[in-house]
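The values are calculated or read from the model by the stated rules, or taken from the named source; none is laboratory data. This structure is a prediction, so every number in the text was calculated from the model and none was measured. All Cβ positions, glycine included, derive from the backbone under ideal geometry; neighbour counts span all protein chains shown. Just so you know, the surface numbers come from the protein's heavy atoms only, side chains and all, with ligands and any DNA or RNA stripped out. Shrake-Rupley method; radii C 1.70, N 1.55, O 1.52, S 1.80 Å.
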Amino acid sequence: MRPFEWIEAASSAEVTAAGATTVADAMVMTNGHRKVSDPTVVKAGGIDLLDLMKEELLQPRRIVNLRGIAGLDKIAGQEGGRLRLGALATVAQLAVDPLVRPYAALADAARNAASPQIRNVATLGGNLLQRPRCWYFRSVHHHCVRKGGETCFAFGGENQYHAIFDHRGCAIVHPSTLATALVAFDARIELTDAAEAKRETALEEFFVLPTRDPHRENDLRAGEIVSAVLLPKLAAGARSAHLKQAEKESFDWPIADVAVVLEADAQGLCRRASVVLGAAAPVPHRARSAGGGAARQAAQ
Ligand SMILES: Cc1cc2nc3c(=O)[nH]c(=O)nc-3n(C[C@H](O)[C@H](O)[C@H](O)COP(=O)(O)OP(=O)(O)OC[C@H]3O[C@@H](n4cnc5c(N)ncnc54)[C@H](O)[C@@H]3O)c2cc1C
Ligand code: SF4
């Protein structure tokens, strides 16, 4: 691992002042030239970031630690009934926080992700922005499309864990288990820039398909940080669940997962069903026909 400078940020303005770029941009190399030379990148729990560095896929010049930014780990209700999840909240916090418990699919997804040690360190923001698990992407010997190369090795190679939907150009599956549940709840993501200006967008639209840009999984811009995820007020009678199937009983990413949020009326009739599949496509995949088909079934 090459030496790097360590910067403790106390605010998002300090992140931008340090010249932070996105890890996606820092990993792209075309015709032998890096898109960003000597990059500065941000770190939350550091689990994915340090993996990329140890694998020599990412060689930052400077690392900006976000963990000192006050208040970024808070989970709190907002006026109007929304729930605000700070980007530095850990996966372990999301699994047990009483304010998250009514969003059962999210608490389940958090409990179902990784191992206890990892959940204690991994953050919400880092989980949503972790890079794909495709083994060609994770190999320094394969300069594939996502890293700026010409070839997607998955199409002619080992692809049993790859996407079954929307895989034109690159067949990664989105690695975040939390994202499956959050998209099912129609969560929104809040991003903060250098001037502390905030932009908010639907999480579902924040994720990017390879046909739009094969080099990145989301619309994070250089100098921005994820500051929070916002959950809408739950409808009365809403029920939800998240199920994960992995190859091993112990900690692992899912080979398939699904989050379902059902909204029922006073008679118990299902009025809305939101069904999202994880590990199936390069972004959390909304199963529109399954959701529509369930609309008239009883919720219980
Ligand atoms: C054995 C194992 C099993 C796992 N199983 C699962 C699983 O089942 N499900 C699952 O979802 N994950 C799983 N993971 C992945 C793990 O949950 C993620 O690596 C972790 O959540 C990343 O969070 P972090 O805070 O450590 O992020 P970091 O590694 O610090 O950052 C990840 C990325 O996000 C960027 N970043 C972080 N926070 C911000 C922010 N606030 N604003 C802007 N950029 C930011 C960083 O620059 C980096 O690119 C597993 C990991 C391991 C090692
Ligand atoms: S699926 Fe995507 S990440 Fe994997 S080899 Fe193909 S282009 Fe690279």
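Quick check on the range 119-138. Is at least one of its residues at pLDDT below 95, farther than 30 Å from Thr30 by Cα, charged (D, E, K, R) and away from ligand 2 (no atom under 16 Å from the Cβ)? No.
For every residue, the table says whether it meets (1) among the β-branched types (Val, Ile, Thr); (2) assigned to a loop (DSSP other than H, G, I, E, B); (3) within 16 Å of ligand 1 (Cβ to nearest atom).
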site: Tyr136; (1), (2), (3): no, yes, no
site: Val140; (1), (2), (3): yes, yes, no
site: Arg146; (1), (2), (3): no, no, yes
site: Gly149; (1), (2), (3): no, yes, no
site: Phe155; (1), (2), (3): no, no, no
site: Asn159; (1), (2), (3): no, yes, no
site: His162; (1), (2), (3): no, yes, no
site: Arg168; (1), (2), (3): no, yes, no
site: Val173; (1), (2), (3): yes, yes, yes
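Residue pairs whose Cβ atoms lie under 7 Å apart, separated by 6 or more positions or on different chains, with the first residue in the range 6-25 and open to solvent by less than 30 Å² (accessible area, probe 1.4 Å) and the second among the charged types (D, E, K, R) and more than 16 Å from ligand 2 (Cβ to nearest atom), are Ser12/Glu196; Ala18/Arg62. Considering the range 40-74, and only residues there that are among the hydrophobic types (A, V, I, L, M, F, W, C) and part of a strand (DSSP E or B), the residue that is most open to solvent (accessible area, probe 1.4 Å) turns out to be Val42.
The residue that is nearest to Ala110 (Cα to Cα), counting only those in the range 253-278 that are open to solvent by 50 Å² or more (accessible area, probe 1.4 Å) and in a loop (DSSP other than H, G, I, E, B), is Trp253.
Considering the range 104-134, and only residues there that are more than 8 Å from ligand 1 (Cβ to nearest atom) and not in a helix (DSSP H, G or I), the residue that is surrounded by the fewest Cβ atoms within 10 Å (Cβ to Cβ) turns out to be Arg133.
I need the full set of residues from the range 139-170 which are more than 8 Å from ligand 2 (Cβ to nearest atom) and open to solvent by 30 Å² or more (accessible area, probe 1.4 Å), in order please.
Selection gives Val140, His141, His143, Glu150, Gly156, Glu158, Gln160, Tyr161, Ile164, Phe165, Asp166, Arg168.
Among the residues of the range 186-197, some residue qualifies, meaning at least one is more than 30 Å from Val64 (Cα to Cα) and in contact (Cβ under 8 Å) with a residue 60 or more places away in the chain. Candidates in the range 217-237 are the residues that are touching an Asp or Glu at 6+ places or on another chain (Cβ under 7 Å) and at pLDDT below 95; of these, the one that is least open to solvent (accessible area, probe 1.4 Å) is Gly223.
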